[in-house]
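Data block below; observations after.
The values are calculated or read from the model by the stated rules, or taken from the named source; none is laboratory data. Source: prediction; values computed, not measured. Glycine gets a Cβ as well: all are built from the backbone with ideal geometry, and neighbour counts include every protein chain shown.
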Amino acid sequence: MSWPLGPSEMARRIREHDWTATPLGPSTHWPGALRTLVDMLLANGFPMIALWGPDLIQLYNDGYRDIMGLKHPAGLGQATQVCWPEVWHINAPIYARVLQGESLSFEDALYPLMRNGLLENVWLSLSYSPLRDETGTIAGVLVTLVETTESLRAAAELRESEARFRALVMSTSDSLYRMSPDWREMREMRGKGILSDTHAPSPLWEDTYLLPEDRPWVMARIDEAIRNRTPFELEHRVRHADGSVGWTLSRAFPLLDEKGEVVEWFGLAADITARKEAERERERAEALVQVDRVRRVLVAEIQHRSRNLLAVVRSLVVQSLRAARSLGEAETRITDRLAALSRVHGLLSRAELPAVTVRELVELELGATAHGVSDRLVLDGPDVTLPGRAVRTFSLALHELATNAVKHGALGADRRGRVLVTWGLRDSATLFLEWVETGAVAPSPRRDAARGFGRELIEQALPYELDARTRLDIREDGVRCTIELPLGEAGP
């Protein structure tokens, strides 16, 4: 059960694979030649795959795993024809020759592989050799391979780039220049009327063409091209022949000798000043459009919020007038409720993205309404953040409870009752708050009559606006109110 040894992924997968479901049978019954082959294959750093038996069952190492793409891990223990049907017409004749004893090699061979869900052209350098069992009979095929797709594509791109470069040299009206291998000396510049021509090799070309503040990063890109022997390409500012500052797209290619050493850089510089100025104008125009878009969104949001706030104020005034027995009482109630509304908007305006906690709202309303009774208050609950949409209505409900407790309930001046406010989370997404008054006398008819707005706010507005579940009980010794509020994305 511990074979094959080793911490690699494929060693583990071969150990854990159900080989009884394959033609190879249990790994404990494999011939010694196959087990030795697996040990060798897993220890090899090159991508390798062994195809064993009449069905050419696949066993491969970690390097080959990367080549398989999405065919891994299902390909382990699978017949190669089943795993790679798209190239069976290529592989079948090769396997037939190898099983007859031939060893074959192919360099940069094209294989159309379906390894990541789509058919893609892949270039591989491969070696095929026969595998023999203890009797010397050929029992399988060993394939060692290296994918050369990226290197071939890079070489093709370089050839294509060089061809384009040669075509540009013949037809371009851009400036042409030649640089020493280390770019310390400009050997020639044909400015075509855009850049200043050189009349002799110049080691001071940076002073002539580059702005002082641009030199560090331009030279850094040049140093990178020198270090990697790769074409140089950069858009940068440049001094024109007439002394003005413009933009150029500079490209340079290394010219190599037979030893691969750079003997010179040959480059072209295209004047792109007009394009850069057009881009700046377009960016300024887009910025103005974005500012106007933000302004319109902001105005719409202000109008929406203003309408909502006015609706709340109107409802507050109407309900206060309806429940009051005199203009003086109505004035007091309207003033108190507007003050509560002002306090919560003060909290919401503290930051661009408000984060108001339950404790802040409870302490704010009790602090503003119940003066000098802190010894009769018990507040207990974790830090729970309310969603912005819930803060205003929730705070008005707390204001009504606090006002009622002071005027008619446990916190009245002629009583010694207590208020216990506790809260917590249920299912990590629902706030549960309980307001309990104890030690109050039985409610009077006046108290019941004055509670119309508070009851409507708690029992109707909270469920309607915030999908809350509420319960308000008036008992002989006080009030008990429970609120269950879905928090959505808000929480601790």
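Each residue in the range 21-48 was checked for being outside any loop (DSSP other than H, G, I, E, B) and within 14 Å of L76 (Cβ to Cβ), and 6 pass. Taken over the range 386-408, the residue count meeting the criterion of being within 24 Å of P486 (Cα to Cα) and not in a strand (DSSP E or B) is 16. The residues on offer are R251, R229, and the sole one that is loosely packed, with under 15 Cβ neighbours inside 10 Å, under 26 Å from E160 (Cα atoms) and out of contact with any His (no Cβ under 7 Å at 6 or more places or on another chain) is R229. So is G101 loosely packed, with under 14 Cβ neighbours inside 10 Å, modelled with pLDDT of 95 or more and farther than 19 Å from I57 by Cβ or not? Yes: the conditions hold for G101. Is it the case that the range 60-69 has a residue that's assigned to a strand (DSSP E or B) and at pLDDT 95 or above? Yes, the range 60-69 has at least one match.
Within the range 377-433, restricting attention to residues that are over 34 Å from the mean Cα position of the chain (by Cα) and free of Cβ contacts under 8 Å to residues at least 12 places away in the same chain, which residue is surrounded by the most Cβ atoms within 10 Å (Cβ to Cβ)? Once the filter is applied, the top-ranked residue is A413. Give the residues of the range 193-212 that are in contact with a Ser or Thr (Cβ under 8 Å, 6 or more places away or on another chain) and of a type in the set (G, A, S), sorted by residue number. Scanning the range 193-212 gives S196, S202. A Cβ distance below 6 Å, combined with a sequence gap of six or more or placement on separate chains, defines the contacts here; from the range 479-491, residues that are under 9 Å from L386 (Cβ atoms) reach residues that are surrounded by fewer than 16 Cβ atoms within 10 Å (Cβ to Cβ) and modelled with pLDDT of 85 or more in the pairs L487/A429. Would you call G6 of a type outside the set (D, E), surrounded by fewer than 20 Cβ atoms within 10 Å (Cβ to Cβ), part of a loop (DSSP other than H, G, I, E, B) and in contact (Cβ under 8 Å) with a residue 12 or more places away in the chain? Yes, satisfied. Among the residues in the range 39-47, are any at pLDDT 95 or above and within 20 Å of T20 (Cβ to Cβ)? No, because not a single residue in the range 39-47 is at pLDDT 95 or above and within 20 Å of T20 (Cβ to Cβ). Of all residues in the range 45-58, those that are free of Cβ contacts under 8 Å to residues at least 60 places away in the same chain and either surrounded by fewer than 23 Cβ atoms within 10 Å (Cβ to Cβ) or among the aromatic types (F, W, Y) (or both) total 4.
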